[in-house]
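What follows is a set of notes on a single structure, which appears directly below.
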Number of protein chains: 2
Amino acid sequence: MSKRTSLKDIADKVGVSTALVSYVINGQEKEKRVGKEVVKKIRTAALELNYQPNQIARSLRKGSTKTIGLIVADIANPFFGNLARVIEDEASRLGYTVIFGSSDEDSGKMESLVDILINRQVDGFIIVPAEGTELQIKALQEKKIPLVLTDRYFIDVTTNYVALDNYGASFDAITHLIANGYKKIGMIAYKSNLIHMQERVRGYIEAMKANNLENEIRLEEVRYNYTMIDNEKAMNNLAIGEKKIDAILFATNSLTVSGLYCIKKLNLKIPEDLAIIGFDGNEAFDFFYTPLTYIEQPIEEMGKEAVGMLVEQIDGSTKIAHIKLRHTLIKRQSSL
Amino acid sequence: MSKRTSLKDIADKVGVSTALVSYVINGQEKEKRVGKEVVKKIRTAALELNYQPNQIARSLRKGSTKTIGLIVADIANPFFGNLARVIEDEASRLGYTVIFGSSDEDSGKMESLVDILINRQVDGFIIVPAEGTELQIKALQEKKIPLVLTDRYFIDVTTNYVALDNYGASFDAITHLIANGYKKIGMIAYKSNLIHMQERVRGYIEAMKANNLENEIRLEEVRYNYTMIDNEKAMNNLAIGEKKIDAILFATNSLTVSGLYCIKKLNLKIPEDLAIIGFDGNEAFDFFYTPLTYIEQPIEEMGKEAVGMLVEQIDGSTKIAHIKLRHTLIKRQSSL
DNA sequence: TTTGAATGTTTAATCGATTAAGCTTAATTT
DNA sequence: AAATTAAGCTTAATCGATTAAACATTCAAA
C-alpha cells in the first residue's frame with residue numbers, strides 16, 4: 001500500500017503545524033481564527049494531495065467510530081437482508097457505517113460476534129437477539145453501550161426495541177380465517193422462548209379462545225435447525241388423517257416456505273383441503289399456484305426506527321423506547 | 001460508556017510496564033522471555049479485569065484493520081445476500097470482519113462507498129463493480145489496495161476476479177432448449193456493458209449460430225431501474241403476436257422473477273406456449289406452477305474463493321488470478 | 001577476573017488526528 | 001507609553017497498543 005497522505009504531509013507542504021490543518025479540514029477555521037491565506041493554501045494542498053482523513057486515528061482520538069454493529073440471525077434470509085438494507089441506507093444518511101454478523105440463532109456465535117464488534121469499538125448495536133442471550137444484552141447495558149433490539153426483545157431486560165405487534169398480527173390472521181369459515185385451525189411455530197414467537201403463538205391461542213375454538217387448538221413446534229424434517233412431521237400430524245385441520249398459520253417466513261414444499265409433496269389443494277397464511281412477504285408466495293395470504297411486516301419502518309433510536313442513544317439520550325409496529329394482512333386466495 | 005480496561009490498567013495492577021503485558025497478551029512470552037511468574041500474574045489480571053484489546057488502537061499502530069470491505073449491488077437481493085453470508089463466514093474463519101455497502105449498480109454510490117471504506121482503512125475489497133467504474137478500480141490498484149472483483153470484472157483492467165463462466169452457462173442453457181426441440185429462442189437481458197451481461201448474451205448468440213439459428217435471434221434489453229416496465233414491453237414483443245417465440249432465457253434472477261409476473265399476467269402456458277430458463281436459484285422458481293429450469297451459480301465457491309484470494313493479496317501475494325466457475329443447469333419442466 | 005551470553009524488564013517512539021494551552025506579534029485602548 | 005486585546009500560529013499531550021532498542025541482572029565460559 002503506497003503511503004497515504006496525512007495531516008502532516010499537508011502541514012509540511014504548506015509550512016504550518018498540523019493543528020492548523022486539522023482546524024481547516026474540520027471547518028473550524030472561523031472559531032480558531034486561521035488566516036485567510038493559510039486556509040486557502042491548506043485547502044489547495046489537501047486537494048492536490050487528495051487528502052482523506054484516517055478514520056482509525058480519528059476514532060482512537062475521539063473515542064467514537066461512527067460505526068454501527070448489526071447482528072441478525074442470517075443475512076441470507078430475505079427478511080434480514082431487507083432489514084439490513086434499510087439499516088444500511090439510514091445509517092449512511094446519518095454518517096454511520098455498518099458492520100454486520102449472522103448469529104444463526106446461536107447464543108455462542110452471538111456472543112463472539114458481540115465481542116468482536118466491541119473490540120472494534122462500534123458506537124452502538126442493532127441486534128436481533130438469539131435465544132438465551134439475556135445476559136449478553138444485560139452486559140452490554142452495564143457497559144453503557146447504546147443498543148436497540150429488533151424483531152424480538154426480552155421482557156425481563158429493559159431495553160430499547162422495535163418489533164412487530166406479533167400478538168396482534170397472529171390474532172388478526174386467525175380472526176380472518178375464522179371470518180372466512182375456518183374452524184379447525186392449526187399453527188406451526190418454532191420451538192423458542194423468544195418473545196416474538198411466544199407472542200405469535202399467544203395471538204393464535206387467544207384468537208381461538210375468543211371464538212370459542214379452544215378445543216380446536218393444534219400447535220406444532222419445530223426445531224430451528226431441523227426446519228424441514230420437523231415441519232414435515234408437523235404437517236403430517238395436522239393435515240392428514242382423521243383429525244385433520246382445515247387451515248394453518250405459519251409463524252415465520254422460513255416455516256411458510258418449508259411448509260409449501262410439504263404441501264406440494266402431499267399434493268394438497270389450497271385452500272380447499274387446507275387454507276394457509278404465511279409470515280413476511282416472499283416472491284414464492286406470489287407464484288405458489290394459489291397466491292398466499294400473508295402477514296406483512298413494515299421492514300422499512302422497523303429499520304429506520306431502529307437506526308434513529310440508536311443514534312439518539314449514541315448522542316447521549318437515555319430515554320428508553322418500546323416501539324411496536326402494525327402488520328398488514330395481505331389477503332389473497334389461499335385463505336378464501 | 002464506562003471506561004474499558006486497557007493494557008495500562010493491567011500493567012499498573014501487576015506492577016510492570018505495558019510492554020510486558022502486550023507481549024503476554026499476544027502470546028510472545030517465549031520469544032520475548034517474560035518471566036513465568038509475571039506471565040501468570042498478567043494472565044490472571046487480564047481475566048479479572050476482563051481485558052479486551054482495543055482493535056482501533058491496534059489497527060492504527062499495525063496499519064492493518066483485519067477488516068474487509070464488501071460492495072455488492074444490493075444486499076437485499078438474495079443472490080448478494082447469500083454471497084455476503086458466505087463471505088462473512090469465510091472472512092470470520094480467517095479472522096476478518098466485514099463492512100458492507102450496496103451500490104445499487106450506481107457508479108456514484110459505489111465511489112462514495114469505496115471512499116468511506118478506504119477511510120476506515122479496510123485491508124482489502126471484495127467488489128461487485130457497477131457499470132462504468134473501471135477508473136475507480138484502477139485507482140484502487142494504483143493505491144495498491146488488495147482487491148478482488150466478483151460476479152463481473154473488466155476486460156481492460158487486470159484484476160483478480162472470481163466469476164461464473166457466463167458464456168458457457170448461457171450456451172449450455174440454449175443448447176439444452178434446442179435439444180428439446182425449441183428453435184425460436186429469445187433472450188431478455190439488462191442493457192449493460194458489464195462483462196457478465198455481455199457474456200451471457202454472447203453465449204446465447206453463439207449457441208444460436210452454432211445451430212444455424214442466427215435468424216431466430218431475438219434479444220431484448222431492459223433498463224435496470226425500469227425492470228418491470230421494460231420487461232413487460234419486452235415480453236409483449238417476444239411472446240405475443242405473429243412473430244412470437246417459443247422459448248426464453250432470462251439473464252438474471254430479478255429479470256426471471258419479473259418475467260414470471262408478466263407470464264402470469266399474460267396467462268401463458270409454460271412450457272406449451274413458452275419454455276423458460278431462469279438465472280440463479282430462487283424459491284419462487286420451485287413454486288411456479290411449472291417448476292423452472294435454471295442456471296445455478298456456485299455461490300459458496302465464489303464467496304470462498306473471493307475471500308481466499310483477497311487474504312492472499314493482503315498477506316503480500318502479488319499474483320493475479322482469474323477464476324471462472326462452472327454453473328449447473330437444473331433441468332425441470334419449464335423447458336421440456 | 002573479565003568477557004560474553006542469556007534472561008528479564010523498561011523506555012520511549014510510533015501510528016494519525018485532535019485540541020487545550022501557550023506563545024508571538026500587531027493592533028487597540030487607556 | 002504601558003497595558004490590554006485580538007489575531008494567528010505552534011507545542012505537546014492524548015487516545016491504546018506495539019515494538020525496537022536500551023538497560024540491568026545473573027550465570028557461564030575463558
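What are the distances, in nm and sorted shortest first, from the label point of B:Ile217 to the label points of the same position in each other copy, with each label point placed 7 Å from Cα along the Cα-to-Cβ direction?
So the label point of B:Ile217 gives 6.6 nm to the other copies.
Computed over the Cα atoms of region A:7-53, what is the ratio Rg over Rh, Rh following Kirkwood?
With Rg and the Kirkwood Rh in hand, the quotient comes to 0.91.
Could you tell me how many degrees, from 0 to 90 and to the nearest 10, lie between the Cα long axis of helix A:299-314 and the main elongation axis, the longest principal axis, of the Cα atoms of chain A?
The angle comes out at about 40 degrees.
With springs connecting C-alpha atoms under 10 Å apart, model chain B as a Gaussian network and identify which of B:Gly95, B:Gly281, B:Gly303 has the largest mean-square fluctuation.
B:Gly95
Mind telling me which of B:Asp286, B:Asp151, B:Asp123 comes out most flexible in a GNM of chain B, alpha-carbon contacts under 10 Å?
B:Asp286
Dimensions of the protein assembly as shown along principal axes (Cα, Å, largest first)?
Computed over the protein assembly as shown, the largest-to-smallest principal extents equal 76, 68, 53 Å.
For peptide B:300-308, what's the mean number of Cβ atoms from other chains within 10 Å of each residue's Cβ? Walk me through the intermediate numbers first.
Details: counts 0, 0, 0, 0, 0, 0, 0, 0, 0.
What the average comes to for B:300-308 is 0.
Taking chain B as a Gaussian network, where each spring joins two C-alpha atoms under 10 Å apart, which residue of B:Ile229, B:Ile270, B:Ile178 fluctuates the most?
B:Ile229
What is the fewest-to-most order of A:Glu142, A:Glu296, A:Glu305 by other Cβ atoms lying within 10 Å of their Cβ? Can you show the working numbers first?
On the way: A:Glu142 9, A:Glu296 15, A:Glu305 22.
So the ranking, lowest neighbour count to highest, is A:Glu142, A:Glu296, A:Glu305.
Sorting B:His196, B:His322 on the 10 Å Cβ count, fewest up front, what's the list?
Starting with the residue having the fewest Cβ neighbours, the order is B:His322, B:His196.
What is the average number of partner chain Cβ atoms found within 10 Å of a Cβ in A:52-59?
Per residue, the average neighbour count from other chains is 6.
Can you put A:Ser102, A:Ser92 in order, fewest other beta carbons within 10 Å first?
The fewest-first ordering by Cβ neighbours comes to A:Ser92, A:Ser102.
Rounded to the nearest 0.05, what FRET efficiency is calculated for A:Lys183 and B:Arg202 with R0 set to 51 Å and r the Cβ-Cβ distance?
0.30
Set the Förster radius R0 to 41 Å, insert the Cβ-Cβ distance between B:Asn211 and A:Met228 as r into 1/(1 + (r/R0)^6), and round the FRET efficiency to 0.05.
0.50
Just to confirm the number: angle between the C-alpha axis of helix A:78-93 and the first principal axis of chain A, 0 to 90 degrees, nearest 10?
30
Nearest 10 degrees is fine. How inclined is helix B:36-48 to the longest principal axis of chain B, computing both from alpha carbons?
Around 60 degrees separate the two axes.
Read-outs: derived from the displayed coordinates by stated rules, not from any lab. Since this is a predicted model, take the numbers as computed values, not measurements. Glycine also receives a Cβ, built like all others from the backbone with ideal geometry; neighbour counts cover every protein chain displayed.
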